[in-house]
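**Q** Can you read through this structure? Questions will come right after.
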Amino acid sequence: MATVVLTSYMVRHPLGGVIASNLQLVWGLHRLGHEVYVFEPAGYPKSCFDPIRHHSGDDCTHGVRAVTKVLNETLAPGRLCFVDIEGRYHGLDRRAVLDVFERCDLFIDRGDHRAWVEESGDVPIRVLVDPDPGYRQIKLSHEVDRGLEPPEYDAYFTYGYHVASGRSPVPSVGIDWRHVFHPVDTTRLVPSPLDPDAPFTTVMNWTSHKPVKYGDRSYGMKDVEFRHYLDLPARTTATLEVAVEGKDIPRPELIEAGWRLRPAVQATATLESYLDYIRGSAGEFSVVKEVYRAFGVGWFSDRSAAYLAMGRPVVVQDNGLAGVLPTGEGLFSVSSVDEAATAIDKIRSDPGRHSRAAREIAVEHLDTDRVLGDFLRGLGLPSRGRPAERGLAHA
């Protein structure tokens, strides 16, 4: 058994979708026989969102409680540390954290690349996993332009297939990016009876980041891309619903176009409510961030993976996905509103077939054993046991 430290965003944003996303990695590594710890820093003032009060501040009480609960239930007590903006430790204390790092075999950083640098310095294998392809590389290129060195790791992974393949024109900033899918634990997320008349849904942030500039133009978020599909409800008999949060959502315009809206915080207040929301869907329709589509990064989300695992077909806006995962049954990659309507109607014509195909894609291509098993072997770390020496195996 190896000891793995994973960074997260769960305490700061303890909504069901964020918790589910992180838990796939935690559960998957645990399922492969490893001892997993989750470490998280506040990072900046007012970083902790409280979904009950719908307020961001420095009080991490709700997030620490929620994350501790799910980790205690699925792993073991004493696997979480959160350091608040005042430097106070919650969960494991400073001494316990240092003890974990002293015996840690693998440190997985999912984006806080300025955190835990000193503590993880002697860990045999340190990797960065980029969950935001295109956006991450452009931000790193801006840092390099300002004279900052790219963060130093033993390996760099991205959820963008074509960032790793070199087919996407995003800047590599001199990094040899490797691809990894966001995995899903198909032993925990399982199919349930499907109501074909249920709505097609998704959970999204209208504007998760400010636009990012590269070259002579700026690239936005899902707000930009969703407008291309605004009249989709008029082109299909399916009910379409969006659980959405964010700034400047044009709610009256969306409702007039036929979209059913729900507050994302309501649908994803807890891990259970998030998974129930997916179970209550006939499938997912989702757009991607403009930066993903424009640069053809080949990204597939953890949320869509959860829909597939639970037997809910997915229709997602193309961002270079063709050939990365099987499409045409259970999963459709679309480039226009007409293609989206056609895909939804195909699913509705034979929901059982597409539900089975969705589940098969998740099991065959995205399951944690497969994805994380390959990930660990590429790092020279077997599924069970400690690495023999510092350094990486050749992938």
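**Q** Under 27 Å Cα to Cα from Lys139, which lysines show up? Leave out anything in the same chain fewer than 8 places away.
**A** Answer for Lys139, where 27 Å is the Cα cut-off: Lys46, Lys210, Lys213, Lys222, Lys247, Lys289, listed by chain and number.
**Q** Right, here's the next one. Restricting to the chain, compute how many DSSP beta bridges are antiparallel as a %, nearest 5.
**A** If I count the DSSP bridges inside the chain, around 20 percent turn out antiparallel.
**Q** Quick check: pseudo-label points 7 Å beyond the Cα along Cα→Cβ at Glu102 and Asp50, how many nm apart are they?
**A** Each label point lies 7 Å from its Cα, and together they span 3.7 nm.
**Q** Just to be sure I understand the curve: with the Debye formula and one point per C-alpha of the range 200-366, what is log10 I(q)/I(0) at q = 0.09, 0.10, 0.13, 0.20 Å⁻¹?
**A** Ignoring solvent entirely, the Cα scatterers give -0.28, -0.34, -0.59, -1.45.
**Q** In nm, to one decimal, how far is the modelled label at Glu364 from the one at Ser208, with both set 7 Å along Cα→Cβ?
**A** It is 2.7 nm.
**Q** Using a 10 Å cut-off on Cβ atoms, rank the peptides 122-130, 241-249 from the highest mean neighbour count down.
**A** Averaged packing, sorted descending, gives the order 122-130, 241-249.
**Q** So, one more: On a 0 to 90 degree scale, rounded to 10, what angle separates helix 16-31 from the longest Cα axis of the chain?
**A** Between helix and principal axis, roughly 50 degrees.
**Q** Still on this structure, please answer the following. Determine ³J(HN,Hα), in whole Hz, for all residues of the range 343-353 in sequence, where each value follows from phi through the Karplus function 6.51 cos²θ - 1.76 cosθ + 1.60 and θ = phi - 60°; x replaces Gly and Pro.
**A** Rounded to whole hertz, the list is 5, 5, 5, 5, 4, 5, 6, 8, x, x, 4.
**Q** Between the range 218-296 and the range 93-152, what is the separation of their alpha carbon centroids in Å?
**A** Using only Cα atoms, the two centres lie 32 Å from each other.
**Q** Counting Lys +1, Arg +1, Asp -1, Glu -1, what net charge surrounds Pro77 among other residues with beta carbon under 15 Å of its beta carbon?
**A** Once all neighbours under 15 Å are counted, the net charge is 0.
**Q** Quick check: pseudo-label points 7 Å beyond the Cα along Cα→Cβ at Arg217 and Ser192, how many nm apart are they?
**A** In this crude spin-label approximation the distance works out to 4.3 nm.
**Q** Using the Karplus curve 6.51 cos²θ - 1.76 cosθ + 1.60 with θ = phi - 60°, what ³J(HN,Hα) values do you get for each residue of the range 37-43, in whole Hz, with x for Gly and Pro?
**A** Those phi angles translate into 10, 10, 10, 8, x, 4, x Hz.
**Q** Can you list the residues of the range 27-61 with backbone N under 18 Å from a point 7 Å past the Cα of Arg88, pointing along Cα to Cβ?
**A** What the label zone holds, given the 18 Å backbone N cut-off, is 40-50, 56-61.
**Q** On a C-alpha basis, how far is the centre of the range 24-80 from the centre of the range 320-344 in Å? Whole number, if you could?
**A** Using only Cα atoms to place each centre, the spacing works out to 34 Å.
**Q** Please express the shape of the range 266-347 as an equivalent ellipsoid: the semi-axes are the square roots of 5 times the eigenvalues of the C-alpha gyration tensor, given largest first in whole angstrom.
**A** Over the Cα atoms of the range 266-347, the ellipsoid semi-axes are 22, 15, 11 Å.
**Q** Counting helices only, and only those DSSP H runs with n ≥ 4, report the 222 nm mean residue ellipticity of the chain as the sum of -39,500 (n - 2.57) divided by its residues, in deg cm²/dmol to the nearest 500.
**A** -9000 deg cm²/dmol, from helical runs alone.
**Q** What is the Cα convex hull volume of the range 1-93 when expressed per residue in Å³?
**A** Convex hull volume per residue, Cα atoms: 81 Å³.
**Q** Within 10 Å of each residue's Cβ, count the other Cβ atoms and sort His162, His365 from fewest upward.
**A** The order, fewest Cβ neighbours first, is His365, His162.
**Q** Then there is this: Work out the FRET efficiency for Asn72 and Leu148 from their Cβ-Cβ distance, taking R0 = 41 Å, and round it to the nearest 0.05.
**A** That gives a FRET efficiency of 0.60.
A short reminder: the numbers here are calculations on the coordinates, not readings from a lab. Since this is a predicted model, take the numbers as computed values, not measurements. Here Cβ is always computed from backbone atoms with ideal geometry, including for glycine, and neighbour counts include all displayed protein chains.
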